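The values are calculated or read from the model by the stated rules, or taken from the named source; none is laboratory data. Source: prediction; values computed, not measured. Every residue, glycine among them, receives a Cβ derived from its backbone with ideal geometry; neighbour counts consider all protein chains shown.
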Amino acid sequence: MNDEMDEQEELDAPVQALLPGRKAMVVRLTAKAGMRPALLDTLNTYADGLAEEPGTEVFLVSMDADDDNLVWLFEVFKDEDAETEHRASQGFATMVGSLNELLEGAPAILRMEPLRLVMQESLLEEDWAF
């Protein structure tokens, strides 16, 4: 019985990783009134092309629960070169060109250096098909 419990605890243990050299940012985008759906469409179109940016390891789009005009991005890059390649990509240029008509002011960017990741492995086991 103890072996079964140990095995179950091992299966339920979160995935953990140290993230040396990674670069990350949180970006706050303020949409013009009524433009958040169009902003989300633009961001989702960009995200659909991220296979062209293998160094962009995470691109998370979130809607603000308290403000219908805010969208938050959380991005993680393998390293500084990957972040530079991200900004130089055609997909990024196309997205930025679309943002001017959708945003109320410039994006607010908070740069970070990630230290550690802890994630429930069950997240990766979910059916993520669109």
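Here are some notes:
- Selection status of Met112, in contact with a Ser or Thr (Cβ under 8 Å, 6 or more places away or on another chain) and either within 18 Å of Pro37 (Cα to Cα) or modelled with pLDDT of 95 or more (or both): no
- Selection from segment 115-130 of residues that are of a type outside the set (Gly, Ala, Ser) and part of a loop (DSSP other than H, G, I, E, B): Leu115, Gln120, Glu121, Glu126, Asp127, Trp128, Phe130
- Search result, residues across segment 91-114 that are part of a helix (DSSP H, G or I) and free of Cβ contacts under 8 Å to residues at least 60 places away in the same chain: Gly91, Phe92, Ala93, Thr94, Met95, Val96, Gly97, Ser98
- Verdict on Leu39 being crowded, with 18+ Cβ neighbours inside 10 Å, in contact (Cβ under 8 Å) with a residue 60 or more places away in the chain and not basic (Lys, Arg): yes
- Being surrounded by fewer than 14 Cβ atoms within 10 Å (Cβ to Cβ), at positive phi, touching a strand residue (DSSP E or B) at 6+ places or on another chain (Cβ under 8 Å) and not aliphatic (A, V, I, L, M) holds for only one residue in Gly34, Gly105, Gly21, and it is Gly105.
- Residue within segment 88-107 that is among the charged types (D, E, K, R) and under 17 Å from Gly21 (Cβ atoms) present: no
- Counting the residues of segment 27-70 that are assigned to a strand (DSSP E or B) and under 20 Å from Ser89 (Cβ atoms) gives 8.
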